[in-house]
Each structure stands twice: as C-alpha cells, then as structure tokens.
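Comments concern the structure below.
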Amino acid sequence: MDHATEADRQEKKSGAPRRARRAPALFYAAFCALFSSVAVLGLFFGFFIGHAPLGVILAGGEPILEGSLLGVMVEVLRGSISAPPAGGGLAGGLSLALYLSVFLLMISVAASLALTVLSFLRPSSARKLCLVNGSLVTLAYGLASLLSLLCGALSAEMFGWQMLDLPTALTAALSLLFLFAYAVFLRRGRGALGCVICLLTLTGIFTFVYPETALLGHLSAAFSRESELHAAVRAFCILTFAAFAANLVLSVLRLGAKGSFLPDAIRFALWLFAAFGLLIAELAAGTSVADFFMEQPLPAILLIVSPLAGLMMSAFGASLSAERKRPRAEEPGPAVRPAG
C-alpha cells in the first residue's frame with residue numbers, strides 16, 4: 001500500500017496523464033450526451049404519444065407536426081402563436097409564462113448540445129458540465145409540463161390531469177431519472193438521500209393541481225384584485241406556492257452537489273412555516289377542519305406532510321454529515337509495564 005501511494009504521489013508531481021482518470025471523464029461526457037439525447041427526443045415525443053395539450057393552450061388548436069413540441073416551436077418562431085396579453089390574474093400570468101417556457105426549451109436544447117460537445121473537448125470539466133446539463137434539461141421540460149398542468153387546472157373547459165402535457169412530462173421524468181442515477185453514482189448514499197428529498201418535494205405538486213382542490217382556487221383568487229379572499233389566506237397562499245416552487249428548483253439543482261444538508265433543512269423549514277401559516281389562515285377565515293381535510297384529503301395532507309418529511313430527511317442527512325466530520329477518538333494502546 002505504501003509503494004502504491006508513493007507511486008501515485010510521484011505521478012501527480014510529474015503531471016503524466018493517468019488512464020484511470022480518462023475513463024471517468026469519458027463516462028461523464030457520455031452521460032452528458034445522454035441528457036442531450038433526451039432533450040432532443042423530447043421535441044418529437046408528440047409524434048408517438050399524441051396527448052400534447054401545450055399547443056392547445058397557447059394556440060387554441062393543434063399545432064403543426066401532429067402536436068409535437070417541435071411544431072409548437074416552429075409556430076412560435078413563425079408568429080402563428082403570439083404571446084398572450086399581460087394581466088388577467090394568475091391564469092394570464094401562467095399563460096404568459098407557458099409561452100416564454102417555449103423559448104426556454106429552445107435555449108435549453110441548444111445549450112444541452114453545446115455542453116455535451118464541451119464535455120468531450122474538456123474532459124476535466126465533464127463532471128460539472130454533466131450536472132449542469134441534466135439540471136437544465138430537467139428544469140426546462142419540467143417547468144413547461146407544470147405550467148401546462150396549472151393552466152389546465154385553472155381552465156373550466158379542460159380541468160385537471162387531462163391537461164398534463166405528456167411529451168414534456170415524459171422528457172422531464174426521463175431526465176430526472178438519469179439525474180437520480182448519476183447522483184447515486186457520484187455520491188452513493190448521500191446522492192440517494194438527495195433523490196428521496198427531491199421526490200418528497202415533487203409530491204407538493206398535488207397540493208395545487210389535484211382535481212377540484214380548493215387551494216388552487218384560493219391561489220388563483222390571491223392574484224386577483226377583485227377577490228374578497230381573506231388577506232392572511234392570500235398572503236400565505238402565495239408564500240406557500242413560492243416556497244414549493246423554490247424548493248422544487250433547488251432540489252433538482254442540489255442533486256449530485258457537494259455540501260451539507262443543513263441548507264436543505266432550512267428551506268424545508270421555511271416551506272413548512274408557510275404551509276402551517278396557510279392552514280391557520282384558512283381556519284381563521286372560517287373554514288372548518290372537517291371541510292378542509294375531508295373534502296380534499298390528499299392535497300390537505302400533503303400540504304403539511306411534504307415539507308415536514310423533507311425537513312426530517314434533510315435533518316437526518318445533516319446529522320449524518322456532522323457525524324462523519326466528527327474526529328474519532330484514538331483507541332488506547334496496550335499498557336506498558338515498568339521495568340523491574
């Protein structure tokens with residue numbers, strides 16, 4: 001062992017390339033190419049899946065190329081699909097954000113291909129570029145899918161899960177799955193814990209998009225000036241949704257990243273504070289406990305359980321990190337008897 005260690009030290013000083021280092025770099029670059037392949041295939045999933053309401057929301061009809069995301073991009077660039085007018089409360093803001101997400105998807109696909117090329121040209125940076133690539137593809141497609149779902153949930157004609165854009169949702173799910181595998185490979189147990197925390201954050205989606213949930217209606221009313229919604233309910237509803245969105249983005253960005261789980265525990269604690277504040281505000285505004293939890297039990301339960309479970313898992317990870325950094329006490333050696 002001492003000879004091998006000394007050889008490694010001499011090789012580092014000499015600056016000679018090592019074959020053991022090239023293999024991981026090539027692996028990271030290949031993984032980066034995998035994310036780019038998923039990003040490009042996501043443009044054509046509409047051909048095979050078909051259920052792609054994103055173009056229906058933006059244009060009011062099926063876009064060209066059989067509803068594929070590529071067809072939506074072509075129509076946006078041609079001007080056939082124009083930006084929705086500003087205003088209109090939450091529904092108008094989400095429609096505008098969905099329109100802008102199409103440009104984000106264009107940029108993310110082009111950037112993903114550029115990052116893959118760069119990872120092969122600069123193997124020393126392939127590891128970081130792979131994380132950036134996977135996070136970018138997952139967030140871009142996931143944002144478009146979530147905005148499509150929220151827009152559909154606010155629409156009276158097309159309500160609930162029927163408005164889930166399957167091509168973007170499938171692309172985001174595949175990219176997130178590969179990002180999970182990469183995080184577990186990179187950080188092993190810590191990466192697996194980060195994947196669990198990310199999944200717990202994803203359950204918060206049901207709080208606002210579950211069919212016929214009252215929280216989505218309150219969130220929509222919170223952005224309307226003409227609404228008579230209680231001021232506390234309005235404030236905590238917006239705060240809870242903002243905390244969920246921020247935690248969702250940060251959970252994806254934190255996959256495979258180094259560092260302690262303490263920042264994760266802090267952000268989940270803030271989300272839990274906002275959720276409890278919303279619950280108390282709803283009860284103070286006149287909503288009974290039975291009506292709040294029994295009419296829509298799943299979103300009401302996940303309102304508290306999602307941030308609470310994320311907080312507990314983050315605290316568990318932070319305690320493990322602190323335990324590993326703690327210096328171990330040296331074992332006492334055998335007692336030496338005095339001579340004579």
inquiry  = Exactly one condition in (1) at pLDDT 75 or above; (2) of a type in the set (Val, Ile, Thr); (3) buried (at least 16 other Cβ atoms within 10 Å of the Cβ) is false for Ile301; which is it?
reply    = (3)
query = Could we say that Val117 is of a type in the set (A, V, I, L, M, F, W, C) and crowded, with 16+ Cβ neighbours inside 10 Å here?
reply = no
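A quick yes/no check of all residues on (1) among the β-branched types (Val, Ile, Thr); (2) surrounded by fewer than 20 Cβ atoms within 10 Å (Cβ to Cβ); (3) within 15 Å of the chain's Cα centre (by Cα):
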{"residue": "Ala183", "(1), (2), (3)": "no, no, yes"}
{"residue": "Arg188", "(1), (2), (3)": "no, yes, no"}
{"residue": "Val196", "(1), (2), (3)": "yes, yes, yes"}
{"residue": "Phe206", "(1), (2), (3)": "no, yes, yes"}
{"residue": "Leu215", "(1), (2), (3)": "no, no, no"}
{"residue": "Glu226", "(1), (2), (3)": "no, yes, no"}
{"residue": "Ala269", "(1), (2), (3)": "no, yes, no"}
{"residue": "Phe273", "(1), (2), (3)": "no, yes, no"}
ask   = Leu96 passes all but one of (1) modelled with pLDDT under 85; (2) out of contact with any helix residue (DSSP H, G or I) (no Cβ under 6 Å at 6 or more places or on another chain); which number fails?
value = (1)
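The values are calculated or read from the model by the stated rules, or taken from the named source; none is laboratory data. Treat the numbers as computed from the prediction; the structure is a model and nothing was measured. All Cβ positions, glycine included, derive from the backbone under ideal geometry; neighbour counts span all protein chains shown.
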